[in-house]
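Some notes on the structure that comes next.
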Amino acid sequence: MRFPCGAAAAVLLLSACQRHDPAKELTLSGLETYWIVDSPQQGQNFVAPAVRFRLKNVGPGTLGSVQARARFPAPDQGDEVWGSIQEQVSTWSRPLERGREVVVTVRSAGRYHAPANPEDILRSPAFKDPRVEVFVRIGSSNWAMLAEGPVTRRIGAPGVEDVVSGR
C-alpha cells in the first residue's frame with residue numbers, strides 16, 4: 001500500500017504526539033504566598049500577590065514545555081479574578097528532566113494601589129484577602145489545578161529578611 005507524501009508525514013506527526021496529564025506527571029510542593037511591591041507611579045504605591053512553589057517532574061520522561069499560571073480570586077469581586085503573568089517553567093532547549101525539581105514564582109497581573117506605604121495598604125480596612133489557585137500544563141495539554149490556598153499578608157518572599165540581614 002502506498003501513501004501520498006502528505007499522508008505519510010501526517011502519520012509520522014501523529015505518532016510523535018503524546019497526550020500529557022500534568023496532574024500525574026508533575027507534583028507541586030512548598031507553596032508560599034506573599035505580596036510584592038511594584039515601582040511607585042505618580043504618588044501611588046502598588047502591591048501584587050505572588051506565589052512561589054517547587055514543581056517536580058515525576059513522569060516517565062523529560063518534559064520540554066511546561067507552563068504555570070495562577071488565579072487570585074478575592075471575596076466580593078464577583079466574576080473579576082486577577083490573573084497572573086504566565087511563567088515558562090521549561091522549554092525544549094531547557095527541558096525539565098525526569099526527577100528534577102524547579103522553583104517557580106508567579107505574580108499577579110492585578111494590583112492594589114494607594115498613596116500609603118505598602119505595609120499600610122495591607123492593613124487598610126478596605127483590603128480584601130485573595131486566594132491563589134495554581135495551574136500547570138505540559139505542551140498543549142489542558143490546564144490542571146495543582147494547589148490552592150490563601151495569600152499571606154506579608155511583603156516579600158519568605159526568607160527574604162534572612163538574606164537582607166545576612167543571617
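For the stretch 9-23, the count of residues that are at pLDDT 95 or above, closer than 30 Å to VAL103 by Cα and either hydrophobic (A, V, I, L, M, F, W, C) or out of contact with any Lys or Arg (no Cβ under 9 Å at 6 or more places or on another chain) (or both) is nonzero. When ARG98, ARG94, ARG107 are checked against the criterion of being modelled with pLDDT of 90 or more, basic (Lys, Arg) and in a strand (DSSP E or B), ARG107 stands alone in meeting it.
Examine the stretch 71-81 for a residue that is within 11 Å of GLU133 (Cβ to Cβ), at pLDDT below 95 and outside any loop (DSSP other than H, G, I, E, B), and state whether such a residue exists. Checked the stretch 71-81: at least one residue is within 11 Å of GLU133 (Cβ to Cβ), at pLDDT below 95 and outside any loop (DSSP other than H, G, I, E, B). Looking only at residues in the stretch 30-53 that are touching a residue at least 40 places away in the same chain (Cβ under 8 Å) and among the hydroxyl-bearing types (Ser, Thr, Tyr), which one is surrounded by the most Cβ atoms within 10 Å (Cβ to Cβ)? Out of the qualifying residues, it is THR33.
Restricting attention to the stretch 54-77, the residues being crowded, with 16+ Cβ neighbours inside 10 Å and either among the acidic types (Asp, Glu) or closer than 30 Å to GLU97 by Cβ (or both) number 12. In the stretch 41-63 there is at least one residue matching the filter, namely being over 22 Å from PRO130 (Cβ atoms), in contact with a helix residue (DSSP H, G or I) (Cβ under 6 Å, 6 or more places away or on another chain) and in a loop (DSSP other than H, G, I, E, B).
Restricting attention to the stretch 103-117, and to residues there that are of a type in the set (A, V, I, L, M, F, W, C) and crowded, with 16+ Cβ neighbours inside 10 Å, which single residue is nearest to the chain's Cα centre (by Cα)? The extreme case among them is VAL106. For the stretch 137-148, check the following and say yes or no: at least one residue is over 26 Å from GLN42 (Cα atoms), at pLDDT 95 or above, outside any strand (DSSP E or B) and among the basic types (Lys, Arg). No, the stretch 137-148 contains no residue that is over 26 Å from GLN42 (Cα atoms), at pLDDT 95 or above, outside any strand (DSSP E or B) and among the basic types (Lys, Arg). Of a type outside the set (Asp, Glu), out of contact with any strand residue (DSSP E or B) (no Cβ under 6 Å at 6 or more places or on another chain) and under 15 Å from LEU146 (Cα atoms): does that describe LYS24? When the stated conditions are applied, LYS24 passes them.
The values are calculated or read from the model by the stated rules, or taken from the named source; none is laboratory data. Source: prediction; values computed, not measured. Don't worry about glycine lacking a Cβ; one is built from the backbone with ideal geometry, like all the others, and counts go over all protein chains shown.
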